[in-house]
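There's a structure below that I have some questions on.
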Amino acid sequence: MNEFEAGRPVVLRGGTVLPMDGRRVLTRTDVLVTGDRIAAVGPELEAPEGAAEIDASGGIVMPGMIDTHRHMWQTVMRGYGADWTLTQYFVWYYLEHGKLFRPEDVHAGNTLAAIEALDAGVTTVVDWSHGLRTPDHADAAADALQAVPGRYVLAYGNIQQPPAEWTAAPEFRDFVRRRVTGDDLLGFQIAFDVTGDPSFPERPAFEVARELGATVTTHAGVWGATSDDGIRLMYDHGFMTPGTIYVHAASLSADSYHRIAATGGSISVSTESEQSAGQGYPPTWAIRAHGIPVSLSMDTSVWWSGDLFSAMRTTLGADRSREHLEAHAKGETVTHCALRADQVVDWATRGGARAIGRDDLGTIEPGKKADLVLIKNDASPVSFPLLNPFGHVAFQAQRGDVHTVLVNGRVVKHEHRLLGVDLAAVRAQADSTIEYLKGAMGEEAWEKGMNPDIPSAKVLDNPYTYTDYRSDATHRL
Ligand SMILES: [Zn+2]
């Protein structure tokens, strides 16, 4: 029996609550959930008869985290591309093997990614789904998202065709009519990139998005792929509209940042991705000065895990690292960090909610949707002392510390265990996709894809080797 049956009120008792309405921290505070909403926040709340009680003491209650850009279909190849650059990624997914994905493979990836997100306290994910080569692929993506009790936004894309083409296809319209039905747990965006071609071939796709009232999300400022040219074209043609999400924006000029700031767009920063893949330096240090709203994202689990603790941690690290380096280059010393832990927690919650246009998410206030995370792990020596809750979330906590997760008022994880998830079935689905992909590619291509050649490198001559202490030591032995 599920002790958290639908409709049963839930009260989280005595936690340290981060309402995310500033730097406020509420200690020994209860959060009451009735239906799909937060009903009350305060000390020793009276709960309705029959409410499920969850002991949150010693833990942190925060809003569910929101990832604004993840290619969920790729999760079925978790970790395969750990040593890739963006070049290997492009070759693998776009030019060669990504084309092998069948609808059931997209389904397997999306299912695994969706479950993984919930497990890590990521209650909303924008599925930047650019492998939708056919309507069957799109249906498989949507089916997977709707079968898992999280909140998702399907950002529809198709890397194998020009955006003007697939957005004009009758089957795309048909998909929108059938599947974009205002489901509160499944939103919709349109996902494509702007190449910078002066003839602006993406115009018809922007027009379709405008007609459908759909947000456009676009990889912008990706070294070697998209640049200031794309931003300028969007601006000149009137398509830099409020709500547009610019992913990465890591190699753009100040002029492009001005245009994004002035037109009400936001930037989805994937620090862990930018650090490894090479889109450009993670941009928060540069865009803070422009006042551009920021959200966080993981990009793809073909390299990285899908938890936003890593996003918060790496974003703080990259931002501070750059700030120190910029100062050192001028012979100066940074004595006070500009980017604070509470800011990255804000970007991982309220920032994501704003980016996707959901002001009913991202904070803990009465009336808001009950997407909540309890971080609590009494068995862990890292769970105490709990002195600086924002710092604790950003630098100490990890997915194993996610004790309870609620989405839309429903408890989907409790006492560190996902509820109602048949992991064995999900694993079987993933196994069958991997078996198929390996078979279709051949063992050799599979191994080669996972292990890119290492550029030749010579160990530098070391001027301090005038004494060979190693051989000397060996000698004495
Ligand atoms: Zn991406």
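Among what's in segment 358-410 and is within 19 Å of Leu26 (Cβ to Cβ) and of a type in the set (Phe, Trp, Tyr), pick the residue that is least open to solvent (accessible area, probe 1.4 Å).
By that ranking, first place goes to Phe390.
Within the set of pairs 6+ apart or on separate chains, which have a first residue in segment 288-302 that is within 16 Å of the ligand (Cβ to nearest atom), a second that is open to solvent by 50 Å² or more (accessible area, probe 1.4 Å) and basic (Lys, Arg), and C-beta atoms under 6 Å apart?
Ser301/Arg78
Go through segment 151-177 and count every residue that is of a type in the set (Gly, Ala, Ser) and crowded, with 22+ Cβ neighbours inside 10 Å.
So the count comes out to 2.
So which of Ala56, Ala51, Ala82 ends up being open to solvent by 20 Å² or more (accessible area, probe 1.4 Å) and away from the ligand (no atom under 16 Å from the Cβ)?
Ala82
Please verify whether segment 309-320 includes one or more residues that are open to solvent by 10 Å² or more (accessible area, probe 1.4 Å), modelled with pLDDT under 95 and of a type outside the set (D, E, K, R).
Within segment 309-320, not a single residue is open to solvent by 10 Å² or more (accessible area, probe 1.4 Å), modelled with pLDDT under 95 and of a type outside the set (D, E, K, R).
Taking Ser305 as the residue in question, decide whether it is over 30 Å from Gly213 (Cβ atoms) and modelled with pLDDT under 95.
Against the criterion (over 30 Å from Gly213 (Cβ atoms) and modelled with pLDDT under 95), Ser305 qualifies.
Mind listing whichever residues of segment 234-258 are assigned to a helix (DSSP H, G or I) and either open to solvent by 10 Å² or more (accessible area, probe 1.4 Å) or of a type in the set (Phe, Trp, Tyr) (or both)?
Within segment 234-258, Tyr235, Asp236, Ala254, Asp255, Tyr257, His258 qualify.
Among the residues of segment 12-53, how many are in contact (Cβ under 8 Å) with a residue 40 or more places away in the chain and more than 19 Å from Asp346 (Cβ to Cβ)?
Going through segment 12-53 one residue at a time, the tally reaches 14.
Here's another thing I want to ask about it. Quick check, is Gly264 surrounded by fewer than 19 Cβ atoms within 10 Å (Cβ to Cβ), at positive phi and either among the basic types (Lys, Arg) or within 15 Å of the ligand (Cβ to nearest atom) (or both)?
So Gly264 does not fit the description; no.
Go through segment 85-103 and count every residue that is away from the ligand (no atom under 13 Å from the Cβ), over 13 Å from Gly449 (Cβ atoms), open to solvent by less than 40 Å² (accessible area, probe 1.4 Å) and assigned to a helix (DSSP H, G or I).
Of the residues in that region, 1 qualify.
Something else now. Tally the residues that are without any contact (Cβ under 8 Å) to a residue 24 or more places away in the chain and in contact with a Gly (Cβ under 8 Å, 6 or more places away or on another chain), restricting the search to segment 385-428.
Number satisfying all stated conditions: 0.
While we're on this one: Of a type in the set (Gly, Ala, Ser) and buried (at least 23 other Cβ atoms within 10 Å of the Cβ), is that true of Gly15?
Yes, satisfied.
If I go through segment 13-70 residue by residue, how many of them are of a type outside the set (Val, Ile, Thr) and assigned to a loop (DSSP other than H, G, I, E, B)?
Of the residues in segment 13-70, 23 are of a type outside the set (Val, Ile, Thr) and assigned to a loop (DSSP other than H, G, I, E, B).
The values are calculated or read from the model by the stated rules, or taken from the named source; none is laboratory data. Everything numeric in this text was worked out from a predicted model, so none of it was measured. All Cβ positions, even for glycine, are placed from backbone atoms using ideal geometry, and neighbour counts span all protein chains on display. Each accessible area value is taken on the protein alone, full model and side chains, heavy atoms only, with ligands, DNA and RNA left out. Shrake-Rupley method; radii C 1.70, N 1.55, O 1.52, S 1.80 Å.
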